[in-house]
Amino acid sequence: MTTQAERATAPEVDQTVERKIQQLRELYADAPELGRVALENGLSDLERELAAATRADSAGRVGARQGRVSEFTLILPFADRGAARLRGLLQLLQGNFQLADRVGTVHDMRFVFLDNDTKLLFATAYDGEWDPYIEDFATKIPNALDLLLCNCKGFPGIRSPQVKDWLASHQIAAESWYVGSPDLTVAETRRLERVGHALDEFLDKISD
Amino acid sequence: MQLVDRLGGELPRGAVTVELDDIQATVLRYRPEPYYGTHVMLHVEDAQAGREFVQRLTPHIDSAAEWWQAGEAWISVAITYTGLVALGLPEDSLRSFPEAFRVGMAARADKLGDYGLNDPQNWEKPFGIGEIHIGVSVFSDSEQAWRDAMHTAQQQYEGFAGVTVLLTQDFGAQPGDLNPLGYRDSIGQPAIEGSGVDPLPGQGRPIRAGEFILGYPGEAGVPLPMPRPEVLGRNSTFVGLRKYQSRVGTFNRFLREHARSEQERELLAAKLVGRWRSGAPLTLAPTQDDAALGADPRRNNDFTYADDPHGHQVPLGSHMRRMNPRDTTMAQLADVNLHRIIRRSTTFGAPYDPDATSEHDDDVARGIHFIFISAKAMATMEFLQQEWINNGNFMDLGDERDPNIGLQEDGATFTIPEHPVRRRIHGIQTFNVLRGGEYFFMPSLSALRWIGSLRPPSGPR
């Protein structure tokens, strides 16, 4: 894994920043007045961001990653009555996704119904890459995934050798991706929680 | 020695449901004990000559029939993607191979995490440049039988116009069959369903044959995608080869720096791998080596991690536990049975020297050809490299990497769980450096006959 520092191209920074600002001015030339004003007034902040090393990376075939955390965004057409079934299932689950707990790499998931219940927007933040694990999901938690995804048009089944291609074909890479704690995986976060509790307990004891 | 004899004659026979007489011997025969052999890398200059060579060689390639009691020397053959092209396989057939196989191991360096010391730019020739077309290997349990089999193999390619030898590497013949860092290796192979032998103690349940041999259902219940036509794919498989140079000086210095006595040094060496040098697992021999246990194939793999969930015996980050976590509760959901590989690795060069501590000792030709077989060898190796070797997240170890074959960054650590607090060793180095690698297709015997009898489509080529 290359570290972020290694990817920085420090020597050319000044020139690059100027060029980037020039590009922004051109892009915003036809923006509304308040946009053009905001660009000029905000230049000093922007310069710092434009000068920093890139934090972006790619995750697998499609999608963006920052540090250890990747984004995965799908827009899937619903199958007949798929929206109704999925809405019912999600309501009954009441936010309990034990399978996601077991997977151990899922930071969050959102299910958004678009265009009058004809499409599903599924977006998640997860650690690493998804496609090396598809076969593991297919043998470990096939029912949970089939139950969710059978509501989408053309889903070949999680055990199908075609499922990776099917997912990738509906995946849309985020244009940009930001992670507050890019180096913290779900496993690391859980470990730090445990360490934090243990430390507090220890400090409570010695301060009594 | 034959497997059945190594097990003291107590071989748990099971049903045969795979076509052993069409599968190459290397897929199922364990590496002999002791072992001698040679890898030969060949280049095909001319398609017709190449096919004739395959035709000549095929009758000398052993099948896996009765592999558990086969004690003879044997010859195996495997072909890279550029080799299949050079042999003139039809376009439709070439296109049916997986992408990672077609572009080759060097081109997948980003997926394999092969950068820095392991970067394909630093590999030895002729690895990674598409020149290696065919690999022929001889395995034997005696020096004489090895020489005889080598002679047979040589007769098929030497002085044969259109096929040239790029590289010949003898292997094995190591004192005690130890690997270049001084350990007994190749213990703990997967049990394969329908192969004729029931699981040996500790092997776990048999894994569906399709994970290792094309044409049979895999763990998900369906066969894996297979190259076309059927005669080419069925009973064939894929082989990955990674040549590592062992930095014995660096390894010995690391052990000395972090241990105060020879006893402590050997314990540290065992903690890195999960086994003592003899092969005895720390689960069964937690405080000192037990040579008799290490040498006994009925006992040296017969354990689970049920009583060692935190790694106080076998560290969670040790090589053995990473490569086969068995019943370890992992921080990430994974199906252990999907990531097993058959290993037929071979050690070459100078034997391990426990007193070698200089930088010069790192460069003494000595290392391992890590050879792994799987019906999805490319995907499995990328998974292992990314997730279980050059990563620690799945074992809740952050950025820690495999202490044996991991590529270590500056300041890398290795954690040894202990009571009351863990020991964390700083400054672990890369002990095995990648010097080359290739993916091969290991055709069934009928696939070899099909390749040998291919004729160019009408018209000049």
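Bear in mind these aren't lab numbers, they're just calculated from the coordinates by the rules spelled out. As the structure is a computational prediction, the values presented were derived from the model and not from experiment. Heads up, the Cβs are rebuilt from the backbone with ideal geometry, glycines too, and the neighbour counts pull from every protein chain shown.
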For the protein assembly as shown, the dipole about the Cα centre with charges only on Cβ (Lys and Arg +1, Asp and Glu -1), to the nearest 20 debye, works out at 1200 debye
Rounded to the nearest 10, the angle in degrees between the Cα long axis of helix B:143-157 and the longest principal axis of the Cα atoms of chain B comes to 40 degrees
Exposure-ranked with fewest Cβ neighbours within 10 Å first, A:T118, B:T357 stand as A:T118, B:T357
The size of the Cβ-based charge dipole (Lys, Arg +1; Asp, Glu -1) of segment A:1-150 about the Cα centre, to the nearest 20 debye, is 500 debye
Assertion target for B:K271, A:K153, A:K205, B:K111, ordered by fewest C-beta neighbours within 10 angstrom first, is A:K205, A:K153, B:K111, B:K271
In terms of the charge dipole of the protein assembly as shown, which places +1 on Lys and Arg and -1 on Asp and Glu at the beta carbon, the residue among A:P132, B:Q313, B:G349 farthest towards the positive end is A:P132
If B:T38, A:T189 are placed from fewest to most neighbouring beta carbons inside 10 Å, the sequence is A:T189, B:T38
When the charge dipole of segment A:56-208 is computed with +1 on Lys and Arg Cβ and -1 on Asp and Glu Cβ about the Cα centre, the Cα farthest towards its positive end, among A:H107, A:A123, A:P77, belongs to A:P77
Of B:364-375, B:311-322, A:83-94, ordering from highest average Cβ density within 10 Å down gives B:311-322, B:364-375, A:83-94
Placing each pseudo-label 7 Å from Cα in the direction of the beta carbon, A:R36 and A:A84 end up separated by a distance in nanometres of 5.4 nm
Packing-ranked peptide list from B:72-83, B:287-298, highest mean Cβ count within 10 angstrom first, is B:72-83, B:287-298
Pseudo-spin-label distance B:Y115 to A:R25, built 7 Å along Cα→Cβ, given in nm, is 3.6 nm
Applied in sequence order to segment B:91-106, the curve 6.51 cos²θ - 1.76 cosθ + 1.60 (Karplus, θ = phi - 60°) yields integer Hz couplings, x standing for Gly and Pro, of 3, 4, 5, 4, 5, 7, 7, x, 3, 4, 6, 5, 7, x, 5, 4
Of all DSSP beta bridges with both partners in chain B, the antiparallel percent, nearest 5, is 95 percent
Rounded to a whole number, the mean other protein chain Cβ count within 10 angstrom for residues of B:386-399 is 4
Taking R0 as 30 Å and r as the Cβ-Cβ distance between A:A53 and B:N122, the FRET efficiency 1/(1 + (r/R0)^6), rounded to the nearest 0.05, comes to 0.70
Between B:E257 and B:H312, the two model label points (7 Å from Cα along the beta-carbon direction) sit apart by a distance in nm of 3.0 nm
In this structure, among B:K111/B:K243; A:K119/A:K140; B:K271/B:K376, pairs with alpha-carbon gaps over 21 Å are A:K119/A:K140; B:K271/B:K376
Mean per-residue count of partner chain Cβ within 10 Å for A:130-141 equals 6
In debye to the nearest 20, the charge dipole size for chain B, taken about the Cα centre with +1 at each Lys and Arg Cβ and -1 at each Asp and Glu Cβ, equals 520 debye
